[in-house]
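The structure appears below as structure tokens.
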Amino acid sequence: MDYQQLLAPVYQFLHCVTPQSWLDKARQPENLALLLTDHMICELKAAQTAMLLIRKYVADKTGSDTLLGWLQPYESFTFRDGPEPDFAAVHKRISKSVMPKTDDPWGQQLIDSMVLLIKEELHHFWQVREVMTARNIPYRKITASRYARGLLSEVRTWEPATLVDKLICGAYIEARSCERFAALAPYLDEPLQAFYLSLLRSEARHYQDYLTLAQRASPDDIASRVRHFGEVEAALISAPDREFRFHSGMPQ
Ligand SMILES: [Fe+2]
Ligand SMILES: [Fe+2]
């Protein structure tokens with residue numbers, strides 16, 4: 001795979017690269033458990049975000065309930081101390097279930113790209129969980145970083161601006177994940193390196209899907225909003241951060 005070709009638009013979209021001090025912290029073996037745990041939770045949150053967008057903006061009741069059912073075993077395990085489900089079985093059930101539908105072409109585009117994204121994020125979740133299990137890393141709940149909260153605090157409060165802004169935030173979170181996977185990979189052991197590189201292609205597509213949806217949802221050109229969120233995102237990544245997480249800023 002030509003990673004540079006895949007990453008070129010991502011680097012262009014982001015206003016800064018991951019600081020070396022974050023990479024130095026992330027490569028320390030004692031931080032691996034925290035890094036993987038936060039990564040696993042981020043995959044679930046990415047699926048939740050996409051599900052909420054479909055539920056809020058397009059799906060009918062049946063489609064909505066189907067989507068809720070998909071995420072339920074993951075959420076129960078991750079956020080409510082539920083037992084660890086057989087993720088292989090859960091995953092099989094999801095790939096066989098029927099997708100939500102709508103007559104609205106824009107709505108259908110949202111459903112199609114977000115349903116694919118949800119399936120991929122849940123698969124990534126399961127993959128990270130398997131890496132953790134193989135390395136005897138137990139799952140423990142952790143607090144969220146300031147990153148997503150910081151981005152979402154800039155979302156405008158009226159429609160369709162809210163939707164447009166949320167989609168642009170989605171694009172930045174995906175693009176940053178992609179950039180960070182690529183930046184971190186060379187510092188990881190061989191199996192983890194291969195795993196992180198395997199995630200690049202879907203995360204790069206997720207960022208582009210979000211951006212396409214944002215432009216379709218907006219009556220105006222989104223360039224100025226994209227620039228605004230790009231600046232906010234870069235500030236969160238470059239400013240000192242007390243907490244170390246997958247999307248945290250400069251370690252203090
Ligand atoms: Fe993912
Ligand atoms: Fe993603």
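Give D112, D65, D81 a once-over and let me know the one that is more than 16 Å from ligand 1 (Cβ to nearest atom), part of a loop (DSSP other than H, G, I, E, B) and either under 25 Å from D209 (Cα atoms) or not basic (K, R) (or both).
Exactly one residue qualifies, and that residue is D81.
When every residue of segment 174-188 is checked against the conditions, at least one turns out to be away from ligand 2 (no atom under 16 Å from the Cβ), part of a helix (DSSP H, G or I) and not aliphatic (A, V, I, L, M).
Flag not set for D103, criterion: within 13 Å of G63 (Cβ to Cβ), without any contact (Cβ under 8 Å) to a residue 40 or more places away in the chain and part of a helix (DSSP H, G or I).
If we keep just the residues of segment 192-210 that are without any contact (Cβ under 8 Å) to a residue 60 or more places away in the chain and either of a type in the set (K, R) or surrounded by fewer than 24 Cβ atoms within 10 Å (Cβ to Cβ) (or both), which is nearest to ligand 2 (Cβ to nearest atom)? Filtering segment 192-210 for residues that are without any contact (Cβ under 8 Å) to a residue 60 or more places away in the chain and either of a type in the set (K, R) or surrounded by fewer than 24 Cβ atoms within 10 Å (Cβ to Cβ) (or both), the one nearest to ligand 2 (Cβ to nearest atom) comes out as R205.
A quick yes/no check of all residues on (1) in contact with a strand residue (DSSP E or B) (Cβ under 8 Å, 6 or more places away or on another chain); (2) within 24 Å of R140 (Cβ to Cβ); (3) not polar (S, T, N, Q):
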| position | (1), (2), (3) |
| --- | --- |
| C16 | no, no, yes |
| N31 | no, yes, no |
| L35 | no, yes, yes |
| L71 | no, yes, yes |
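Would you call D221 in a helix (DSSP H, G or I) and out of contact with any Phe, Trp or Tyr (no Cβ under 7 Å at 6 or more places or on another chain)? Judged against the criteria, D221 is not a match. Considering only residues that are part of a helix (DSSP H, G or I), in contact with a Pro (Cβ under 9 Å, 6 or more places away or on another chain) and either buried (at least 18 other Cβ atoms within 10 Å of the Cβ) or not polar (S, T, N, Q) (or both), which ones fall in segment 2-22? The answer is W22, and nothing else. In a residue-by-residue description of segment 111-120, the property of being surrounded by 16 or more Cβ atoms within 10 Å (Cβ to Cβ), within 27 Å of R242 (Cβ to Cβ) and in contact with an Asp or Glu (Cβ under 7 Å, 6 or more places away or on another chain) applies to no position.
Within segment 84-100, the set of residues being within 21 Å of R205 (Cα to Cα) and assigned to a loop (DSSP other than H, G, I, E, B) comprises just one member, M99. Screening K92, K101, K119 for residues that are among the charged types (D, E, K, R), under 26 Å from S198 (Cβ atoms), out of contact with any strand residue (DSSP E or B) (no Cβ under 9 Å at 6 or more places or on another chain) and at pLDDT below 90 leaves exactly one candidate, K92. In segment 167-183, the residues that are β-branched (V, I, T) reach residues that are surrounded by fewer than 24 Cβ atoms within 10 Å (Cβ to Cβ) with C-beta atoms within less than 6 angstrom, at least six apart or across chains, in these pairs: I168/A214; I168/R225; I168/V226; I168/F229. Residue-level check: of (1) more than 26 Å from R140 (Cα to Cα); (2) crowded, with 17+ Cβ neighbours inside 10 Å; (3) within 16 Å of ligand 1 (Cβ to nearest atom), I173 misses just (1). Contact map, segment 136-149: residues that are in contact (Cβ under 8 Å) with a residue 24 or more places away in the chain paired with residues that are part of a loop (DSSP other than H, G, I, E, B), Cβ distance under 7 Å, separation 6+ or inter-chain. Pairs shown: S145/E243; S145/R245; S145/H247; S145/S248; Y147/H247; Y147/S248.
The values are calculated or read from the model by the stated rules, or taken from the named source; none is laboratory data. Note that the structure is a prediction, hence the values are computed from the model and not measured. Cβ atoms come from the backbone with ideal geometry, glycine included; neighbour counts cover every protein chain shown.
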